Structures are given as structure tokens and as C-alpha cells.
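The values are calculated or read from the model by the stated rules, or taken from the named source; none is laboratory data. No experiment lies behind these values; they were computed from the predicted model shown. Methodologically, a virtual Cβ is constructed for each residue, glycine included, from the backbone with ideal geometry; neighbour enumeration extends over all protein chains shown.
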Amino acid sequence: MDASSFAPFNTVRAYGLEGFLTGDCVRPPAMVVDAKDPQVFIENPDFLYWTRMDQFLVSWLIGSIYEAMLGHVIRCTFASEIWSTLHELLTESGFYYLEASTKLLNLFTLGFQLQWALTQTLQDSNLLKALTLNFYKNEFLNFAQ
């Protein structure tokens with residue numbers, strides 16, 4: 001089981017947008033020198049395209065995230081920031097058994113039960129955190145098999 005087995009990631013990959021999530025697709029400069037007149041700067045069409053695609057992914061991610069998790073990503077400006085923030089939240093919680101993108105896509109697929117559990121456990125005692133996290137981790141692993 002890997003990220004390629006999930007329809008949302010396949011769609012992102014089919015359109016060549018995975019670099020926007022991973023940060024490999026770097027934002028180009030907003031302005032470039034005009035080829036006709038080197039003294040003039042014009043809007044960079046690559047920047048306009050990059051902005052449109054990135055904001056499309058931001059919208060998709062925000063719309064896919066369980067409400068309880070929005071507080072963690074609401075200040076993120078770019079798709080790669082949202083993706084890496086969610087990755088950090090998961091790895092800090094001890095879920096090292098799948099690669100980051102697979103974990104995130106599994107959360108989207110599972111209806112965000114795991115995200116809810118992580119948010120709730122941060123508000124409860126350490127014992128309850130460990131029990132709840134362990135329960136959902138086992139449920140998640142059973143689903144992944």
C-alpha cells in the first residue's frame with residue numbers, strides 16, 4: 001500500500017501537481033524582464049500559472065481537512081506549507097510506519113477520524129492520549145492491510 005493507490009493522489013500526480021505539495025515546484029518570480037525591452041518588467045506568466053495551481057491545491061486541502069485540524073493550517077499560505085504542517089503533526093505523534101504522503105491521503109480517505117483523535121488527545125491527560133492514539137493507530141493499521 002502506498003500513495004499511488006489513492007485516487008486523490010493519482011489525480012494530483014496526473015496533473016503534475018505533486019511538486020506543489022512537496023515544495024519541489026518552486027514559486028517563480030512575479031515579474032520578469034520584457035524580452036522586447038530589457039528596461040521593462042512584465043508579469044511572469046509562469047508565476048500566474050504557479051499561483052493558480054497552488055491556490056487550487058490550497059482550496060482542495062482546506063476543503064478536505066477535518067474542522068478540528070483547521071487551526072493548525074489556517075495561517076498557511078501555500079499548499080506545501082499545509083502539506084508539511086500536516087506531516088509534522090503526524091510524525092510528532094509517532095506515526096512513522098508509512099511515508100508522509102500516504103499518511104495524509106489515508107486521513108483524507110478515512111474521513112479524518114485519526115485527525116480528530118489526535119486533536120482530542122492533545123486536550124486530554126497523557127494516559128488518555130496514549131490509549132486513544134494506540135487504539136486509532138491499530139484501527140488505522142488494520143485498515144491499511
Working only within the range 43-72, note down all residues that are surrounded by fewer than 16 Cβ atoms within 10 Å (Cβ to Cβ) and charged (D, E, K, R). E43, D46, R52, E67
When residues of the range 62-84 are filtered for being free of Cβ contacts under 8 Å to residues at least 24 places away in the same chain, in a helix (DSSP H, G or I) and of a type outside the set (D, E, K, R), how many remain? 6
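Per-residue answers, yes or no, for (1) in contact with a Cys (Cβ under 6 Å, 6 or more places away or on another chain); (2) of a type in the set (K, R); (3) closer than 20 Å to D24 by Cα; (4) at pLDDT 55 or above:
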{"residue": "S64", "(1), (2), (3), (4)": "no, no, no, yes"}
{"residue": "A79", "(1), (2), (3), (4)": "no, no, yes, yes"}
{"residue": "L89", "(1), (2), (3), (4)": "no, no, no, yes"}
{"residue": "W116", "(1), (2), (3), (4)": "no, no, no, no"}
Please list, ordered by first then second residue, the pairs with beta carbon atoms under 8 Å, 6 or more apart or interchain, first in the range 10-26 and farther than 13 Å from A79 by Cβ, second not aromatic (F, W, Y). N10/S4; R13/S4
